[in-house]
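Peer 1: First the structure, then my questions, so here it is.
Derivation of every value follows stated rules applied to the coordinates shown; laboratory data play no part. Small disclaimer: the values here were computed from a predicted structure and weren't measured. Ideal geometry is used to build each Cβ from the backbone, glycine not excepted, and the neighbour counts take in all protein chains shown.
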Amino acid sequence: MSNPGDADSTPVTSVQQLADHIAAGCKPMERFRIGTEHEKFGFRIGDLAAPPYQPTDGQPGSIRELLEGLQRFAGTPITDAGNLIGLKQGDAAVSLEPAGQLELSGAPLETLHDTMAELEAHYEQVRSVSRDLQIGFLPLGFHPIATREQMPWMPKSRYAIMRRYMPKVGTRGLDMMTRTCTVQVNLDYSSEQDMLRKLRVSLLLQPLATALFANSPFSEGRPNGFLSYRAHVWTDTDNQRSGIPRVMFEPGFGFERYVEWMVDQVPMYFVYRDGSYIDVAGASFRDFMNGRLHNVAGTVATVGDFADHVTTVFTDVRIKRFLEMRGADAGRADMMVAQSALWVGLLYDEAALAAAEMLLRDATWEDAVALREAVPREGLAAPWREGRLRDLARDVVAIARDGLRGRARCNVAGLDESVYLVPLEAIVAGEPTQAEHWLACYRQSWQGNIRRIFGEAAI
């Protein structure tokens, strides 16, 4: 989720103006970039508890201390009501999810080689600071042992609003906020038509990504019956702004239709003014545009307000001035870069994108929704046409590999970006997913002790 940011104070005058705002993200292919975001749970080495925001009982190991320590790596503080909540690091940012999950919002980079280097540098920075604080970080899709009540809350004002509102619109929203971690990749488009092609391919394949990257089989100290419990949580979080909206598959969908859906169908959370968040949860952005919100009477809706509103949409693929792929659990470093590699290979090469469209030519919105319901529990064994999802995975990973080879972006060793698909190629060849690997450990070498995962999965 975002930090306070977009300050465009231009008054909103029409839906078309907002559609043009999003369309301004279109860029030529030579300017396409890769932005990868990944999250991880903090834990205290001594007792595996989630670190609080502030130090407690005079003991080190707080999130604030971590952020303060990270400032030595050229980090510019981001604050909310005087509280340090993140750092700007050039075009990248370190930020906090609601329970202190630490996120790197990566810079827009040219190649996946750069993405891997960025991730490794970030991990080394976090390790160097957290070592002295006696805390560690665990990239899983769902917290393996903590209850919701055991997770701390960070002092970010927008989260207080969401915390009050979430229980009104779903049963698992607070779990999503406090006990999940994800990895996503942000990718560009060149035109409205290019956006639409990439959007529909990636929406149809997002359940496949969930299955490939499943990494949350435990909750509250025991197996939960799912491979991606994080994905299950999202099925009842706030469905007016989540999932795979039917509107994105309707004829005539584009930037303007997306904005209409946003202002009429997706309720607001807040309005940000003068350094404070005003709670308008449940209100219509259309009413805000038309001056009909009583608790912000006299406040003119701006393009910046709309940009903030866009950040509160949690669809499996989110449209901003780029596309965000949002279907994967956090996991091992090589798997998090593989997530970016999968989508870059599919969407940044014309031949690969066309091949993916052909592979999915008969797939429908109903297919995507049904698959989204099945994969949290069944993973790659979920039904797909006459076979299983693993059959589709083989073809999709092969297309992505060809797309990355077609890009021909080589590192100093002469290797192209397809090297980052190796862990996915192993999975489609029959090796276990991350979730399946951890379940086998639980049943065998761990002898039922889930706490062992903190030692084996930590960064």
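Peer 1: Taking the simple approach of a point 7 Å from Cα along Cα-to-Cβ for both Leu439 and Val247, what is their distance in nm?
Peer 2: Result for the modelled spin labels: 3.7 nm.
Peer 1: Right, next: What are the radius of gyration and Dmax of region 111-231, computed over its Cα atoms and given in Å?
Peer 2: Spelled out, the Cα radius of gyration and Dmax of region 111-231 are 17.7, 51 Å.
Peer 1: Just subtract the alpha-carbon distance of Ala429 and Ser190 from 0.36 nm times their residue separation and send over the number in nm, one decimal.
Peer 2: 82.6 nm
Peer 1: A further question follows. Computed FRET efficiency, Cβ-Cβ of Arg286 and Glu386, R0 45 Å: what is it to the nearest 0.05?
Peer 2: Step by step, r from the Cβ atoms, then E = 0.50.
Peer 1: Could you calculate the contour length gain from Arg405 to Gln16, that is, 0.36 nm times the residue separation minus the distance between their Cα atoms, to one decimal place in nm?
Peer 2: Residue separation times 0.36 nm, minus the Cα-Cα distance, leaves 136.2 nm.
Peer 1: Helix-derived [θ] at 222 nm for the chain: sum -39500 (n - 2.57) over DSSP H runs of at least 4, divide by residue count, nearest 500?
Peer 2: Helices in the chain give a 222 nm mean residue ellipticity of -12500 deg cm²/dmol.
Peer 1: At most 15 other C-beta atoms within 10 Å and a DSSP loop state: those are the exposed trypsin sites (Lys or Arg not before Pro) I care about. Give me the longest piece of the chain that has none.
Peer 2: 73-291
Peer 1: If you take every residue apart from Pro139 with its C-beta less than 14 Å away from the C-beta of Pro139, what net charge results, scoring Lys and Arg +1 and Asp and Glu -1?
Peer 2: Result for the neighbourhood of Pro139: -3.
Peer 1: Once fully extended, how much extra length lies between Arg451 and Asp362, figured as 0.36 nm per residue of separation less the alpha-carbon to alpha-carbon distance?
Peer 2: Taking 0.36 nm per residue and subtracting the Cα distance, the gain is 27.6 nm.
Peer 1: Could you pull out the pairs from Lys40/Lys198; Lys27/Lys198; Lys40/Lys156; Lys40/Lys88; Lys156/Lys320 whose alpha carbons sit more than 26 Å apart here? Write down the numbers at each step before the final one.
Peer 2: Numbers: Lys40/Lys198 28 Å; Lys27/Lys198 14 Å; Lys40/Lys156 18 Å; Lys40/Lys88 18 Å; Lys156/Lys320 22 Å.
Among Lys40/Lys198; Lys27/Lys198; Lys40/Lys156; Lys40/Lys88; Lys156/Lys320, the Cα-Cα distance tops 26 Å for Lys40/Lys198.
Peer 1: About the Cα centre of the chain, what is the dipole size in debye to 20, counting +1 per Lys and Arg Cβ and -1 per Asp and Glu Cβ, all else neutral?
Peer 2: 800
Peer 1: Take the Cα radius of gyration of the chain and divide it by 2.2 N^0.38 Å, with N its residue count; two decimals is plenty.
Peer 2: 0.94
Peer 1: With the dipole of region 86-238 worked out from charges on the C-beta (+1 for Lys and Arg, -1 for Asp and Glu) around the Cα centre, which of Ala121, Tyr229, Ser202 lies farthest toward the positive end?
Peer 2: Of the listed residues, the answer is Tyr229.
Peer 1: Please identify the GluC sites (Glu not before Pro) of region 51-151 that satisfy two criteria: DSSP loop assignment and at most 15 other Cβ atoms within 10 Å. Which are they?
Peer 2: In loop regions of region 51-151 (DSSP not H, G, I, E or B), the sparsely surrounded GluC sites (Glu not before Pro) are Glu110.
Peer 1: While we're here: Calculate the spin-label point distance for Arg163 paired with Asn239, positioning each point 7 Å from the Cα along the beta-carbon direction, and give it in nanometres.
Peer 2: 2.7
Peer 1: Can you tell which of Ala435, Gly403, Ala363 lies farthest toward the positive end of the dipole of region 333-459, using +1 and -1 charges on the Cβ of basic and acidic side chains (Lys, Arg; Asp, Glu)?
Peer 2: Going by the charge dipole, the pick is Ala435.
Peer 1: How many angstrom separate the Cα center of region 237-280 from the Cα center of region 368-422?
Peer 2: Here the answer is 30 Å between Cα centres.
Peer 1: For the charge dipole of region 15-457, defined by +1 on Lys and Arg C-beta atoms and -1 on Asp and Glu C-beta atoms about the Cα centroid, which residue among Ala338, Leu96, Thr311 has the Cα displaced farthest towards the positive pole?
Peer 2: Leu96
Peer 1: How big is the antiparallel share of DSSP beta bridges in the chain, given as a percent to the nearest 5?
Peer 2: 95
Peer 1: Right, next: So what's region 1-152 giving for Rg/Rh, alpha carbon basis, Kirkwood Rh from the mean inverse pair distance?
Peer 2: Values: Rg = 18.0 Å, Rh = 17.3 Å.
Using only Cα positions, Rg/Rh for region 1-152 is 1.04.
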